[in-house]
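Please read the structure below before turning to the comments.
The values are calculated or read from the model by the stated rules, or taken from the named source; none is laboratory data. Predicted, not measured: the structure shown is a model, and the values here were computed from it. Cβ: placed from backbone, ideal geometry, glycine included. Neighbour counts: every protein chain shown.
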Amino acid sequence: MSAALRASGISVSFGAVRALQGVDLEVGAGKLVGLIGPNGAGKTTFVDAITGFVQASGSVRLQGHDISKLPPHRRARLGLARTWQTIELFDDLSVQENLAVAGGRPSLGSTLAEIVFGREPRAERMAEEVVGLLDLEDIAAEMPANLSQGRRKLVGIARALAARPSLLLLDEPAAGLDTHESQDLGRRLRRLADDGLPTLLIDHDMGLVLGICDEIYVLDFGKVIAYGTPEEVRGNPDVLAAYLGKSGTDVQPAAPGTGSTWAAVAEGTGER
């Protein structure tokens, strides 16, 4: 079975700065794959390259189809969905309306439906499905400004899901969340992957990433320096050197969702 995402030789330069250098990465069907690295390693740039928001060399295949030359909107229509580090919700629309907007597929049929019914039934059905999937029924009618940071993050993920993606790219979804919110997010992301949604997760919460991912890639200075299971990556001396400036293999994981940095993981504290 072909990988949901196969990125080969992805390179990005900003003038003389080589942000990515020949990065190879795969996300298998139904897999939750982590992408970690120190600040400035190139993680968000990789997502920008995959989704078409920065010019990149190399090959990007989504569900076996080459999308390397397509603009962002066409990649999205083929099933590539992402979240952003900043939560850009429509604050003048309810949660359910935010999801309905994301679930809409502009076409002659949908336009006629809106003219006749004042709404697009298919988009509304998808919004209702996603609300149920992420257990957001209690806030479906709320305005985003009334929600906690954790709930707003979930709505951002829900909006990406409303687009019916074949691959989900999450850029630091746990940033700013407390321990309880991060643990809750981790359970939901693991459930989505177990239900068959391939996902690439970028986050600095090492407890979250090590606790829920099937495989992890580690970037440093735009290059992949390690790849493997959480256990393999945790004890990789190159990873320790990249994060801590030292080598070693005796590293214990933090509890999933503790918000820990790699330094806390390496010291075995699991604390922020």
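If PRO106 meets every condition in (1) in contact with a Phe, Trp or Tyr (Cβ under 7 Å, 6 or more places away or on another chain); (2) of a type outside the set (Ser, Thr, Tyr); (3) modelled with pLDDT under 55 apart from one, which number is that one?
So the condition that PRO106 fails would be (1).
Please enumerate the residues belonging to the stretch 180-210 that are under 27 Å from SER94 (Cβ atoms) and part of a strand (DSSP E or B).
Across the stretch 180-210, the qualifying residue is only THR199.
Taking only pairs six or more apart or across chains, which ones have beta-carbon atoms under 6 Å, a first residue in the stretch 2-13 that is at positive phi, and a second residue that is in a strand (DSSP E or B)?
Close Cβ pairs (under 6 Å, with a partner that is in a strand (DSSP E or B)) amount to GLY9/GLY22; GLY9/GLY58.
Taking the condition crowded, with 19+ Cβ neighbours inside 10 Å and in a loop (DSSP other than H, G, I, E, B), does LEU177 pass?
So LEU177 passes the test.
Among the numbered criteria (1) at pLDDT 90 or above; (2) of a type in the set (Asp, Glu); (3) in contact with a Ser or Thr (Cβ under 9 Å, 6 or more places away or on another chain), which one does GLU137 miss?
(3) is the only condition that GLU137 fails.
Could you list, in sequence order, the residues of the stretch 58-69 that are surrounded by fewer than 18 Cβ atoms within 10 Å (Cβ to Cβ), in a loop (DSSP other than H, G, I, E, B) and without any contact (Cβ under 8 Å) to a residue 60 or more places away in the chain?
Selection gives LYS69 alone.
Can you name the residue in the stretch 27-51 that is farther than 15 Å from ILE225 by Cα and not hydrophobic (A, V, I, L, M, F, W, C) and, of all such residues, is modelled with the lowest pLDDT?
Selected residue: GLY30.
Checking the conditions here, which among GLN55, GLN96, GLN85 is polar (S, T, N, Q), within 30 Å of GLU137 (Cα to Cα) and part of a loop (DSSP other than H, G, I, E, B)?
Residue meeting the stated conditions: GLN85.
Within the stretch 125-139, identify whether any single residue is in a loop (DSSP other than H, G, I, E, B), surrounded by 18 or more Cβ atoms within 10 Å (Cβ to Cβ) and out of contact with any Leu (no Cβ under 7 Å at 6 or more places or on another chain), and answer yes or no.
Scanning the stretch 125-139, I find no residue that is in a loop (DSSP other than H, G, I, E, B), surrounded by 18 or more Cβ atoms within 10 Å (Cβ to Cβ) and out of contact with any Leu (no Cβ under 7 Å at 6 or more places or on another chain), so the answer is no.
Quick check: is even one residue across the stretch 198-210 surrounded by fewer than 20 Cβ atoms within 10 Å (Cβ to Cβ) and more than 13 Å from the chain's Cα centre (by Cα)?
Checked against the condition, which is being surrounded by fewer than 20 Cβ atoms within 10 Å (Cβ to Cβ) and more than 13 Å from the chain's Cα centre (by Cα), the stretch 198-210 yields no hits at all.
Test of understanding: among GLU120, GLU172, which residue is crowded, with 17+ Cβ neighbours inside 10 Å and at pLDDT below 85?
Details: GLU172 fails: at pLDDT below 85.
Criteria check complete, one pass: GLU120.
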